[in-house]
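Chemist: Supplied in structure tokens, the structure appears directly below.
All of the numbers you see were taken from the coordinates with simple rules; none came from a lab. Here the structure is a predicted model, which is why all the values come from computation and not from measurement. Note that we place each Cβ from the backbone using ideal geometry, even for glycine, and neighbour counts take in every protein chain shown.
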Amino acid sequence: MKMDTTNRVSRHLVVAIGSLAVALLLWAVGYEVQRVVAAVPYFLLFLVMIIGPSVRIWPSIMKWAKGPFPVSWRAELGIWFAIWSVAHVLFVFGARDWDVVGYLVDMSPWAFGALVATIIAVVLACTSNTPALRFMGPKAWKWHQSHGTYVIFWLAAVHVYDRAYLRPYGDVGFPSADPVHWVYLITIAIVVLLHLTAFVKIVADYRETGEYPAGL
């Protein structure tokens with residue numbers, strides 16, 4: 001699978017406008033700004049997570065697109081995930097009157113995990129470019145980006161579950177009456193299913209041909 005580290009302005013504009021449209025939609029249907037700013041980066045992360053296994057399961061996607069799509073969009077999606085995540089953290093600090101130290105002392109383990117995920121996301125965003133690829137080398141760069149992304153996703157997943165179900169908003173309990181909470185659970189399940197399916201397919205292909213797919 002070809003690594004595309006070229007950040008294109010056109011793709012950044014599409015991701016920025018698309019994420020802003022999702023934010024406006026959530027706000028229009030009644031969600032508070034802080035929850036909107038929390039939801040948008042998660043949805044961007046979901047897209048990042050499903051691209052890899054999807055093209056492994058259905059390689060015809062890239063043949064149909066006649067290019068590196070959708071792999072070529074991961075850099076822009078990841079960078080905007082980091083931007084929205086930082087915005088979410090700033091909203092949280094703002095809601096606590098910028099008592100950052102007090103918030104860090106009182107935060108739950110899952111909130112701390114989400115903060116760590118944001119820091120990792122910023123690091124990945126800063127290295128999601130061709131100079132960083134050339135400096136690290138392709139194998140180390142891919143290891144750094146892929147493992148960092150997996151860590152971010154699972155830290156975000158447990159944080160989402162904690163906020164949506166273990167410490168619900170208002171009278172929302174489990175099972176949740178909030179559609180977005182169910183979207184969170186469904187997307188987590190989709191990510192797990194796609195990655196497991198891709199893994200099984202790679203092993204099956206190896207057992208049949210004795211070789212792993214190119215770029216693994």
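Chemist: Which one of TRP143, TYR206, ALA132 has its Cα pushed farthest toward the positive end of the charge dipole of the chain, where Lys and Arg give +1 and Asp and Glu give -1 at the Cβ?
Modeler: Toward the positive end, the furthest listed residue is TYR206.
Chemist: Something else: Which distance in nm do the two modelled labels at ALA189 and VAL9 give, with both placed 7 Å along the Cα-to-Cβ direction?
Modeler: Modelled inter-label distance: 4.4 nm.
Chemist: Here's another thing I want to ask about it. Determine one quarter of the surface area of the Cα convex hull of segment 37-166, which equals its mean projected area, and express it in nm² to one decimal.
Modeler: The directionally averaged projection comes out at 9.1 nm².
Chemist: With +1 on the Cβ of every Lys and Arg and -1 on the Cβ of every Asp and Glu, and nothing else charged, how large is the dipole of segment 38-119 about its Cα centre, in debye rounded to the nearest 20? Before the final figure, lay out each step's value.
Modeler: On the way: 5 positive and 4 negative charges, 129 e Å.
Using only the charged Cβ atoms, the result is roughly 620 debye.
Chemist: How much length is gained on full extension from ALA95 to LEU25, taking 0.36 nm per residue of separation minus their Cα-Cα distance? Working shown, then result.
Modeler: On the way: separation 70, 0.36 × 70 = 25.20 nm, distance 2.25 nm.
This chain segment gains 23.0 nm when fully extended.
Chemist: Considering only ALA75, VAL89, PRO41, whose Cα is most displaced toward the positive end of the charge dipole of segment 1-113, charges sitting on Cβ of Lys, Arg (+1) and Asp, Glu (-1)?
Modeler: Highest projection toward the positive end goes to ALA75.
Chemist: Using Cα-Cα distances under 8 Å and only pairs 6 or more residues apart, what relative contact order does segment 57-136 have, in percent? Don't skip to the end; give the middle numbers.
Modeler: On the way: 30 pairs, mean separation 30.6, N = 80.
Here the relative contact order equals 38 percent.
Chemist: Could you give the dipole magnitude of the chain about its Cα centre, charging the beta-carbon of Lys and Arg +1 and that of Asp and Glu -1, in debye to the nearest 20? Intermediate values should be presented prior to the final figure.
Modeler: On the way: 16 positive and 12 negative charges, 181 e Å.
Rounded to the nearest 20 debye, it is 880 debye.
Chemist: Further, regarding this structure: Relative contact order for the chain using alpha-carbon pairs under 8 Å, separation at least 6, rounded to a whole percent? Walk me through the numbers on the way to the answer.
Modeler: On the way: 178 pairs, mean separation 56.1, N = 216.
Answer for the chain is 26 percent.
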